[in-house]
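Here the structure is laid out as structure tokens; the discussion comes afterwards.
The values are calculated or read from the model by the stated rules, or taken from the named source; none is laboratory data. Keep in mind it's a predicted model, so treat the numbers as computed, not measured. Virtual Cβ from ideal backbone geometry, glycine too; neighbours counted across all protein chains shown.
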Amino acid sequence: MSDAKEGDAHLHRLVLFSDAVFAIAITLLAIEIHPPEHWTSVGELFFLMGPKLAAYAISFAVIGIYWVSHRRLFERIARANGMLDALNFITLGLVALLPLGTELLWEQEAGRAFPVYVTLVALIGVSLGLLWGYAAFIGKLVKPIRPLLATYVLVRVALLPGLMCGLSFFSLVHPWGWGLMAAIVGSLALAGRRIERRAAPQDAT
């Protein structure tokens, strides 16, 4: 087998393994939800399970966002090596802890659980940012990309999910936080489109 084919197989298996971990983590979120022992009506059931279902919805969205981010990053990566494997394992290890972090949200006092959960989400972003930073700037494992676009991807992946998660909890108490979140997402999306258009000539080569 040629080196090119071996590299393609390495990257392909890394992506398949990663998808499996994301799928298992998102499945465990539902498995950990158990109904209350005593309930008399559907309304009471949903009232009693409200915190669990809210935590489940947030974590489902978090894992989904990180899966999309992970997929988009690996679409830009041309080959893999041992260091990329190690950094990816760190990211996946943190993702696999999200079901535990979600359980903390409904079993512990909110004041103690929220910081732990948001920190875990932020660490996943940081680890994914380190993965991309290594692939793009150190290991040179990515397809042709302008430095400005590579830097934008790094900032977006490393900071945005954790920031959005924190703002989501904040917005549950202060509804104006949803407007702030929409403004941040919209601004980053606009900046990303502009950077993508500027980078298009080089990326197309």
Quiz item: Assuming Ile77 fulfils every condition listed in (1) surrounded by fewer than 18 Cβ atoms within 10 Å (Cβ to Cβ); (2) in contact with a strand residue (DSSP E or B) (Cβ under 7 Å, 6 or more places away or on another chain); (3) of a type in the set (A, V, I, L, M) apart from one, which condition is it?
Solution: (1)
Quiz item: Of (1) surrounded by 16 or more Cβ atoms within 10 Å (Cβ to Cβ); (2) at pLDDT 90 or above; (3) of a type in the set (S, T, N, Q), Thr102 satisfies all except one. Which?
Solution: (2)
Quiz item: Of the residues Thr119, Thr40, which single one is at pLDDT below 90, in a helix (DSSP H, G or I) and polar (S, T, N, Q)?
Solution: Thr119
Quiz item: Assuming Lys140 fulfils every condition listed in (1) in contact (Cβ under 8 Å) with a residue 12 or more places away in the chain; (2) loosely packed, with under 13 Cβ neighbours inside 10 Å apart from one, which condition is it?
Solution: (1)
Quiz prompt | Scope segment 1-36; condition modelled with pLDDT under 90, within 16 Å of Ala78 (Cα to Cα) and part of a helix (DSSP H, G or I); matching residues | solution = Asp3, Ala4, Lys5, Glu6, Gly7, Asp8, Ala9
Self-check item: Where Arg79 falls short, out of the listed (1) of a type in the set (Lys, Arg); (2) in contact with a helix residue (DSSP H, G or I) (Cβ under 7 Å, 6 or more places away or on another chain); (3) part of a helix (DSSP H, G or I)
Solution: (3)
